[in-house]
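Bear in mind that the values in this text are calculations on the coordinates, not laboratory data. On a predicted model such as this, the values are computed, not experimentally measured, just so you know. Don't worry about glycine lacking a Cβ; one is built from the backbone with ideal geometry, like all the others, and counts go over all protein chains shown.
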Amino acid sequence: MDDILNTGNVPYVSEASVSVEIETEDMTLNIGPQHPSTHGVLRLVAKVDGEKISSVEPVLGYMHRGYEKLAEVRTYPQITTLVNRIDWVSGFANEIPFIAATEKLMEIEAPERAKHIRLILTEMARIASHFVFNGAYALEIGALTPIFLAMEDRERILDLIESVTGGRFHPNFNRIGGVKPAAGSGPTTKKNVQDLPAGFYQETRDAMEKVLEAVERMEDLVGGNEVFKARTKGVGIISKELAEEYGVSGPILRASGVKFDLRTQTDFLPYDKFEYEIPVGENGDCYDRWYVRLLEMRESAKIILQAIDSMPSGPLQTKVPKVIKVPKGRSYVRTENPKGEMGYYVISEGGLGPYRLKIRTPSFSNISILPVLLEGQLLPDLIAIMGSLDFVLGDVDR
Amino acid sequence: MNLSSNAEFIESISTKFSSVENEFDTLKIKVKPEEWVETAKILKEEFQLTYFSWLSAIDWENEVSVGDPPKESVSPHFEIVFCLSESIEGNVVLVSTEIEKEDAMIPSLIEVFAGSNWHEREAYEMFGIEFNNHPNLTKMYLPDDYEGNPMLKSFELISREVKPWPGEVDVEGMPENGSKEDN
């Protein structure tokens, strides 16, 4: 734009003194905390020079619930209830690393069947979370239809999660040493425990077929849209080095070309038994971040179908004492949450609850890159960039 | 095969640093506060631990207002921990140091890992630890006029004062005036 102005000014040499750029004061623009595209209550204080953003300062804390402090006055089984409210879009996936860290300290291991059920539900939570992203992101870019399709598709997944755990968003299904017998599973006397609801396998197969179809449709509908491409391709590029330095993880890091997926490094969920690919982007722009998540849904569906077919039989719980006391020690366990690296650093002093619980959430680190990323961008791109980071405020503030 | 179970990596770390613990597959290096930034630099440049995961602190105190005190008596101090990782094989290292509670102060890691910015701000407001050379050491979550550092063990949860936990009855009584007025 500067060029056009300057060339326009060239003929009028006599007015040269007037064409000196007048330095105007930056305007402060408050975005949020009640803006729909902030996915909750994130507030951005942006300094803008016309359409151009000169600096952005995110203001957090509107959703701060103090879970790290609260965990210090709760027992281990009670904390499971808390942690699945951190990222409410994928509640189940938040429980896993905490349970795994505790099990590690107690030196117990969940039975194979429980591990498979955990894996299936984690992947379902991933699909549900990515459906929300796919719908909401297209909406932010300006397409209204995808969110309706995505929400309908997600509901099928939530129904499945509900049929097993009894909750759509907050399953609270994991127990230290296994999983709890499913909701509505008939008599829960020890001899006759029925773990998964009747017809679960077939319903899952049907639902996964639908997921694969939905991914296909989304790829055409959103990915093939010229406006969507124009708004996202080459916008908000995050380099490998920058992403790693800021601790950006998950699909965002992979979209920048780093093949880093913690699922390949877990020993408490049997991911090594299944075949799946890790989608990696090339450019690290908004489009890649959207596309990586879309492809991940397809891989997750594949994992679930394989897990259903190779489901081992056996108990759901290993033997644990009635009152759970965790021996003195520390462990850090992290897993691949739908949004990135989710980790719990449990410091136990041998009591009923942890002495200190550090919760490492993906969204907090992911959006810490915003001030760097948004500097010098255009205001309309702010929404596109912010949306592509796919954060949940509960996950940011904890 | 979780976390730092790569034998070669553990050995190379152990030869470089003197006090390395491996507890439940979690590799922890203990350093002095003076070596804080230097350690981060070495790990980033020599061991390719380029991924900054998190930084936080632990308040070690014998007299606590929340939870249970440590089993064995400890000398009161802050422990600061940061976690680095490598993005190909996923090796993880925790680095920890101990500082005095009086005038708690530690150099900021920002010059090595810019991503430590927010994590340090969080530790500053929750524990009251000063990070030297931090460009913007302000509160992260809490209101500006908030007093106190909530994550300290001496900081009591107000709900505990009002209602003991575990309470006998968790459900509160119905309001006396009836709910019609509200509608």
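Data for the structure
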read-out	value
Burial ordering of B:ILE129, A:ILE86, fewest other beta-carbon atoms within 10 Å first	B:ILE129, A:ILE86
Cleavage-rule hits, GluC sites (Glu not before Pro), region B:1-85, DSSP coil, Cβ neighbours within 10 Å at most 13	B:GLU63, B:GLU72
Inter-chain shielding of A:332-338 (mean C-beta neighbours from other protein chains, 10 Å cut-off)	4
Length gained when the stretch B:SER154-B:ALA114 is fully extended (0.36 nm per residue, less Cα-Cα span)	11.3 nm
Karplus 3J(HN,Hα) series, Hz, for region B:144-157 with 6.51 cos²θ - 1.76 cosθ + 1.60 (x for Gly, Pro)	4, 8, 6, 10, x, 10, x, 7, 5, 5, 7, 8, 7, 6
Global form of region A:66-397, assessed from the alpha-carbon gyration tensor, a/c cut-off 1.5	oblate
Residues of region A:96-131 with amide N under 13 Å of a point placed 7 Å along Cα→Cβ from A:ILE324	A:96-110
Peptide A:102-112 - average C-beta neighbours from other chains (10 Å radius)	1
32 Å Cα-Cα threshold exceeded, pairs from A:LYS69/A:LYS115; A:LYS319/B:LYS30; A:LYS302/B:LYS30; A:LYS319/A:LYS358	A:LYS319/B:LYS30; A:LYS302/B:LYS30
Built amide H within the under 5 Å cut-off of A:ARG356, gap 5+	A:ILE347
Per-residue Cβ neighbour rank within 10 angstrom, fewest leading, B:GLU147, B:GLU156	B:GLU147, B:GLU156
Cross-link reach list, lysines versus A:LYS52, counting only Cα pairs under 30 Å and skipping chain neighbours closer than eight places	A:LYS229, A:LYS233, A:LYS240, A:LYS339, B:LYS139
In nm, spacing of pseudo-spin labels at A:GLU213 and B:GLU130 (7 Å Cα→C-beta vector)	6.5
Computed helical MRE - 222 nm, chain A, DSSP H runs ≥ 4 contributing -39500 (n - 2.57), nearest 500	-14000 deg cm²/dmol
Spin-label pair B:LYS32/A:ASN283, simplified geometry with 7 Å Cα→Cβ offset, distance in nm	5.2
Loop GluC sites (Glu not before Pro), region A:99-177 (other Cβ atoms within 10 Å of the site Cβ: 13 or fewer; DSSP)	A:GLU107
Chain lengthening between A:GLU152 and A:ARG168 when straightened (0.36 nm per residue, less Cα-Cα)	4.4 nm
Exposure proxy ranking, count of Cβ atoms within 10 Å, fewest first, for B:VAL37, B:VAL74, A:VAL215, A:VAL248	B:VAL74, B:VAL37, A:VAL215, A:VAL248
